[in-house]
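Chemist: Pasting in a structure now, in C-alpha cells, and then I'll have a few things to ask.
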Amino acid sequence: MTTPIGATTSVTDTAQAKAGSLTAASGQPPMDKQAFLKLLVAQISNQDPLKPMEGTEFVTQLSQFAIVEQSIAQSTQLGNVSTQLGGIANNDATGLAGKHVTMRGKTMAFDGITSTTSAVTLQAPAAKVTANVLDANGKTVRTIDLGAHAPGVMTILWDGKDASGQPAPKGNYSLKVNATTANGVAVQTTQDVSGVVTKIAFDKGYPELTLDNGAAGPISDLVGVEAVTPSKP
C-alpha cells in the first residue's frame with residue numbers, strides 16, 4: 001500500500017505528540033539530546049519532497065535542540081556543585097569529633113552508676129515542672145518534681161534511681177518534661193542533650209552525630225559547640 005504524499009510529516013508529528021503524551025503520563029524524564037536528535041533526523045528524512053520543511057520551522061527545531069542540550073549540561077553542573085557542597089559539609093562535620101556539643105533531643109544513656117543530666121528550655125514562666133524518666137519501652141521509671149521555674153534553660157539531674165529508690169538498670173532512657181502555669185495552661189518547652197561527639201556517620205545522606213551518652217541525631221539538631229577542656233594532671 002502506498003502512503004499518500006504529504007501524509008508522512010503528519011504521521012511523524014502525530015507520533016511525536018503521542019510519544020510526548022506517553023512520556024508525561026508514565027512519569028518518565030523528558031527525552032535526552034540523542035533521542036531528540038534522532039527524532040529530528042527522522043522527521044527531516046521522511047518529509048514530503050514536494051513540501052519540504054520551512055526554514056523557520058527547521059530553525060525552531062534546532063533551537064529546541066539547543067535548549068535541551070543546555071538544560072542537560074546545566075543539570076550535570078548543578079549535580080557536580082551539589083556533590084562538592086555535600087563533601088565540604090561532611091568535611092566540616094568531621095571537625096566536631098571530640099567536641100562537647102548540645103543538641104535537640106530527649107535521649108539519655110545511663111551507665112548504671114553515674115548520674116545523668118539533660119536540659120530543657122521554658123518559653124514562659126512555669127508554676128509546676130515535672131520530668132518523667134522513660135525506659136526504652138516508654139514505661140515511666142521515675143517522675144521528678146522540679147517545682148516552679150522562670151523562663152529559660154533549666155538543668156535536670158537524674159541520679160539513676162527508679163520510683164522506689166532502687167538503681168535503674170543500665171540502658172537508654174528518655175526524658176519527658178511537662179510544664180504548666182498556675183492556671184494549668186501548658187508551657188512550651190524544648191529539650192536538649194549534651195555530650196562529647198564520639199561518632200559521625202554519613203550513611204543517611206547527611207551527617208549524624210553520636211554522643212558519648214548514647215544520644216544521636218542529625219547535625220541540623222545541633223544547638224551549640226564547646227571545646228573539651230583537658231583535665232589537669
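Each value in this text was obtained by applying a stated rule to the coordinates, not by laboratory testing. Bear in mind the structure is a predicted one, so any value in this text is a computation, not a measurement. Glycine gets a Cβ as well: all are built from the backbone with ideal geometry, and neighbour counts include every protein chain shown.
Chemist: Keeping to region 154-173, report how many residues are under 13 Å from residue 140 (Cβ atoms) and in contact with a strand residue (DSSP E or B) (Cβ under 6 Å, 6 or more places away or on another chain).
Modeler: Of the residues in region 154-173, 5 are under 13 Å from residue 140 (Cβ atoms) and in contact with a strand residue (DSSP E or B) (Cβ under 6 Å, 6 or more places away or on another chain).
Chemist: Which of the residues spanning region 153-191 are farther than 16 Å from residue 103 by Cα and free of Cβ contacts under 8 Å to residues at least 40 places away in the same chain?
Modeler: Within region 153-191, 161, 162, 163, 164, 165, 166, 183, 184, 185, 186 meet the criteria.
Chemist: Any residue in region 214-226 that's part of a helix (DSSP H, G or I): show its pairings with residues that are surrounded by fewer than 17 Cβ atoms within 10 Å (Cβ to Cβ) at Cβ separation under 9 Å, as long as the two are six or more apart or on different chains.
Modeler: 219/89; 219/200; 219/206; 220/104; 220/206; 221/104
Chemist: What's the number of the condition residue 203 fails, among (1) closer than 16 Å to residue 112 by Cβ; (2) within 32 Å of the chain's Cα centre (by Cα)?
Modeler: (1)
Chemist: Collect the residues in region 175-190 that are assigned to a strand (DSSP E or B) and surrounded by fewer than 19 Cβ atoms within 10 Å (Cβ to Cβ), keeping them in residue-number order.
Modeler: Passing the criteria: 176, 178, 180, 186, 189, 190.
Chemist: Which is surrounded by 14 or more Cβ atoms within 10 Å (Cβ to Cβ) and in contact with a strand residue (DSSP E or B) (Cβ under 8 Å, 6 or more places away or on another chain), of 143, 121?
Modeler: From the options 143, 121, the qualifying one is 121.
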